[in-house]
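Below you'll find the structure, written out as structure tokens, and then a few comments.
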Amino acid sequence: MENPVPVYRHPALTILVDDNQSFLDSVAFQLQPARAPKLFDNPTTALAWVREAYRGVSTPSQSISVEYDDQFLSFERRIVAVDVDRIYRQVMNPRRFCVPAVIVIDYAMPQMDGVAFCEQLADLPCKKILLTGQADDSIAIAAFNRGTIDRFIKKGAQDALDQLDTAIDELEHAFFRTQSGTMTDLLARHSFSFLSEPAVAALIGRVCAQYGFVEYYLFADPSGIVFIDMQGKATLMVVETEAGLLAHLEAARDAGAPSSFLDALGELRVLPYFPDTGVYVDAIGADWLSYCLPAQQCQGRQQYYWALFDLPARYLGGPIHTYEQFLGTHRAV
């Protein structure tokens with residue numbers, strides 16, 4: 001699946017490892033302000049910390065359950081169930097930002113070189129960036145070709161920090177794609193086809209940049225993506241296909257909706273969302289079009305229609321621990 005949409009993404013820790021504390025402090029200071037770095041001047045200490053951090057990490061795969069035919073216990077008769085709500089309820093977990101998604105490690109350290117360090121984390125999903133000197137290119141290329149590291153950047157390059165910020169962003173996104181892999185594949189085959197669309201992945205990136213959203217999660221009913229900003233405000237992107245909107249049209253017609261609403265739906269001009277009433281029949285007598293927003297379009301392998309709605313906090317099942325709160329605590333440590 002080319003460039004699929006992760007079923008969730010949130011800020012994560014960037015681990016910086018170098019035996020030079022002054023260099024660590026300088027790099028951490030110059031990274032993007034919204035990034036949360038954790039610094040280690042001892043690779044042995046860093047290895048132990050990263051391994052311990054991963055012991056408590058939850059993944060989307062925990063939302064998948066497989067049941068078998070009770071009589072035959074047949075693999076062919078298995079039923080795969082997905083609890084999509086469990087994905088976005090991660091917003092209540094204050095430790096979600098503590099996952100070490102990307103590790104930036106210097107190659108030349110007296111205790112342990114950077115390649116040996118990365119080899120010891122080969123079983124973990126974190127992405128790895130090796131910082132190299134002028135004479136280390138061949139070593140870095142060999143490590144990259146083996147899959148031991150994901151990127152390497154020359155410390156002395158004039159734009160090394162810009163390269164590093166860009167690489168961290170790209171690898172953090174790749175980290176969440178990997179974490180979401182099985183779940184994305186399962187859901188894209190059924191009710192969430194937009195997860196397989198590179199055009200939707202690009203749209204999500206633009207929406208995050210435009211509105212300052214820092215995390216997002218797949219949402220089940222209605223199907224779409226819930227975005228969260230630094231302060232914890234939730235916004236729902238409802239995503240529909242033409243078939244989905246026509247299904248809305250039939251339900252609205254059966255519920256006795258006014259012709260203005262039916263016409264707008266039938267012409268694919270609006271997307272409805274009923275957070276207060278929940279179902280069409282309860283909306284009779286209301287101003288139906290007040291529950292709608294203009295349908296924007298995203299062309300993938302098929303046409304998708306989307307709009308952004310405020311999501312009432314009660315739909316998330318509890319208080320959100322915000323990234324702003326996390327950064328305040330993290331920087332105070």
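The values are calculated or read from the model by the stated rules, or taken from the named source; none is laboratory data. Predicted model, so just to flag it, every value in this text is computed and none were measured. Backbone-built Cβ (ideal geometry, glycine too); neighbour counts: all protein chains shown.
Could we say that Phe227 is in a helix (DSSP H, G or I) and not polar (S, T, N, Q) here?
no
Is it the case that some residue within region 194-204 is hydrophobic (A, V, I, L, M, F, W, C), crowded, with 17+ Cβ neighbours inside 10 Å and outside any helix (DSSP H, G or I)?
no
Can you pull out the residues in region 32-54 that are in contact with a helix residue (DSSP H, G or I) (Cβ under 6 Å, 6 or more places away or on another chain) and either closer than 19 Å to Arg95 by Cβ or of a type outside the set (S, T, N, Q) (or both)?
Answer for region 32-54, where residues must be in contact with a helix residue (DSSP H, G or I) (Cβ under 6 Å, 6 or more places away or on another chain) and either closer than 19 Å to Arg95 by Cβ or of a type outside the set (S, T, N, Q) (or both): Ala36, Pro37, Leu39, Phe40, Asp41, Pro43.
Across region 154-193, which residue is farthest from Ala28 (Cα to Cα) among those that are assigned to a loop (DSSP other than H, G, I, E, B) and touching a Ser or Thr at 6+ places or on another chain (Cβ under 7 Å)?
Checked region 154-193; the qualifying residue farthest from Ala28 (Cα to Cα) is Ser191.
Kindly establish whether Leu316 is outside the structural domain of Pro37 (by TED's automatic domain parsing), surrounded by 12 or more Cβ atoms within 10 Å (Cβ to Cβ) and at pLDDT 85 or above.
Answer is no for this residue.
Residue check: is Gln297 assigned by TED's automatic domain parsing to the domain that holds Val200, over 30 Å from Ala34 (Cα atoms) and modelled with pLDDT of 90 or more?
yes
Which of the following residues is hydrophobic (A, V, I, L, M, F, W, C) and in contact with a Pro (Cβ under 8 Å, 6 or more places away or on another chain): Met230, Met183, Met237?
When all the criteria are applied, what remains is Met183.
Looking at the structure I just gave you, is Leu271 part of a strand (DSSP E or B) and modelled with pLDDT of 90 or more?
Taking the combined requirement at face value, the residue satisfies it.
So Arg146 clears everything in (1) assigned by TED's automatic domain parsing to the domain that holds Arg301; (2) charged (D, E, K, R); (3) more than 28 Å from Phe227 (Cβ to Cβ) except one condition, right? Which one?
All conditions are met except number (1).
Here are the criteria: (1) within 26 Å of the chain's Cα centre (by Cα); (2) under 19 Å from Lys38 (Cα atoms). Tell me which single one Gln179 does not satisfy.
Condition (2) is where Gln179 drops out.
Of the conditions (1) at pLDDT below 95; (2) crowded, with 17+ Cβ neighbours inside 10 Å, Phe213 clears all except one; give me its number.
(1)
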